Amino acid sequence: SAVISQKPSRDICQRGTSLTIQCQVDSQVTMMFWYRQQPGQSLTLIATANQGSEATYESGFVIDKFPISRPNLTFSTLTVSNMSPEDSSIYLCSVVTTGTEAFFGQGTRLTVV
Amino acid sequence: GDSVTQMEGPVTLSEEAFLTINCTYTATGYPSLFWYVQYPGEGLQLLLKATKADDKGSNKGFEATYRKETTSFHLEKGSVQVSDSAVYFCALRGSGAGSYQLTFGKGTKLSVIP
């Protein structure tokens, strides 16, 4: 199993600013992902965080808007840049361990005003 | 591409009622199937999973059977409790090489009233 600590748990931000979300895992994991959950919606994959190289983004998400870092096998950050109210969502970090199971952080509830 | 279609909610049941949440999927090959639960204000927790056809996943009184012939993975519980009130997500992971990310259904909100 894996225990994921995600910070901050929630924040209220002004439009035009940026927020960096941290994801810390208690063990080394190969696969780390960032998802977005818009109000009342399902989860949508933003990108795969690759250790030591650029993240792999899904269609509709770009690096300039959602830069991701992954300096090692236990830590990643997601930045939401130049925020607008449409970015108000829950952002979740997820990891896959050696099995088929995915574990999720508690999420960061972001409100942009 | 892969997709998951999940029963629309919200669903409201009385305590001890029988629960079914339908989930069907579209994917090539033999995906792994999951049910996740999200309690109010919390992240997602794995409820149960099945990795091959005819497997039955079970946990906390919930069950789901991987039906390849109907591409379904319906969630059932014989007697729900107030504490089961949450949002339930059906998800799949593709069977292709390097497929680790999940595709989710839209979620079904369950409210159980005393």
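The values are calculated or read from the model by the stated rules, or taken from the named source; none is laboratory data. Being a predicted model, the structure only gives us computed values, none of them experimental. Glycine also receives a Cβ, built like all others from the backbone with ideal geometry; neighbour counts cover every protein chain displayed. Side chains included, ligands, DNA and RNA excluded: accessible areas come from the protein's heavy atoms. Shrake-Rupley method; radii C 1.70, N 1.55, O 1.52, S 1.80 Å.
Please give the strands (runs of 3 or more DSSP E) falling wholly within region B:1-47 in which 2 or more residues are in contact with a Ser or Thr (Cβ under 6 Å, 6 or more places away or on another chain) and open to solvent by 50 Å² or more (accessible area, probe 1.4 Å). Don't jump to the end; show me each part of the working.
On the way: elements: B:3-6, B:11-14, B:19-21, B:23-26, B:32-38.
Answer list for region B:1-47: B:23-26.
Looking only at region A:73-91, how many residues end up being in contact with a Cys (Cβ under 6 Å, 6 or more places away or on another chain) and not hydrophobic (A, V, I, L, M, F, W, C)? Step through it out loud before you land on a result.
Of all residues in region A:73-91, those in contact with a Cys (Cβ under 6 Å, 6 or more places away or on another chain) come to A:76, A:83.
Right, trim to not hydrophobic (A, V, I, L, M, F, W, C) and you get A:76.
Matching residues across region A:73-91 total 1.
Using the structure shown, decide if A:Leu73 is hydrophobic (A, V, I, L, M, F, W, C), surrounded by fewer than 17 Cβ atoms within 10 Å (Cβ to Cβ) and at negative phi. Spelling it out, A:Leu73 is indeed hydrophobic (A, V, I, L, M, F, W, C), surrounded by fewer than 17 Cβ atoms within 10 Å (Cβ to Cβ) and at negative phi. Condition first: within 8 Å of chain A (Cβ to nearest Cβ) and either assigned to a strand (DSSP E or B) or open to solvent by 40 Å² or more (accessible area, probe 1.4 Å) (or both). Now tell me which residues in region B:104-114 satisfy that. Once the filter is applied, which keeps residues that are within 8 Å of chain A (Cβ to nearest Cβ) and either assigned to a strand (DSSP E or B) or open to solvent by 40 Å² or more (accessible area, probe 1.4 Å) (or both), region B:104-114 yields B:Phe104, B:Lys106.
Quick check on A:Gln22: is it surrounded by fewer than 16 Cβ atoms within 10 Å (Cβ to Cβ), at pLDDT 95 or above and farther than 22 Å from B:Phe104 by Cα? Criteria not met by A:Gln22.
Would you mind finding the one in A:Gln51, A:Gln37, A:Gln28 that is modelled with pLDDT under 95 and either touching a Gly at 6+ places or on another chain (Cβ under 7 Å) or surrounded by 20 or more Cβ atoms within 10 Å (Cβ to Cβ) (or both)?
Working: A:Gln51 fails: either touching a Gly at 6+ places or on another chain (Cβ under 7 Å) or surrounded by 20 or more Cβ atoms within 10 Å (Cβ to Cβ) (or both); A:Gln28 fails: either touching a Gly at 6+ places or on another chain (Cβ under 7 Å) or surrounded by 20 or more Cβ atoms within 10 Å (Cβ to Cβ) (or both).
A:Gln37 is the lone residue from the list that is modelled with pLDDT under 95 and either touching a Gly at 6+ places or on another chain (Cβ under 7 Å) or surrounded by 20 or more Cβ atoms within 10 Å (Cβ to Cβ) (or both).
Out of all the residues in region A:77-101, which are over 17 Å from B:Leu44 (Cβ atoms) and either free of Cβ contacts under 8 Å to residues at least 40 places away in the same chain or of a type in the set (Ser, Thr, Tyr) (or both)? Listed by number, the residues that qualify are A:Thr77, A:Thr79, A:Ser81, A:Ser84, A:Glu86, A:Asp87, A:Ser88, A:Thr98. Applying the criterion of being open to solvent by 10 Å² or more (accessible area, probe 1.4 Å) and assigned to a strand (DSSP E or B) to the residues of region B:73-93, the residue that is nearest to the other protein chains (Cβ to nearest Cβ) is B:Arg93. Just so you know, in region B:53-72 the residues that are surrounded by fewer than 18 Cβ atoms within 10 Å (Cβ to Cβ) and either within 11 Å of chain A (Cβ to nearest Cβ) or closer than 28 Å to A:Tyr91 by Cβ (or both) include one that is nearest to the chain's Cα centre (by Cα), and it is B:Asn59. Restricting the first member to region B:49-66 and to residues that are more than 13 Å from B:Cys90 (Cα to Cα), and the second to residues that are open to solvent by less than 30 Å² (accessible area, probe 1.4 Å) and outside any strand (DSSP E or B), the beta-carbon pairs closer than 7 Å and six or more apart or on different chains are B:Lys52/B:Tyr66; B:Ala53/B:Tyr66; B:Asp54/B:Tyr66; B:Asp55/B:Tyr66. Kindly indicate whether A:Val3 is β-branched (Val, Ile, Thr) and within 22 Å of B:Pro40 (Cα to Cα). Taking the combined requirement at face value, the residue satisfies it.
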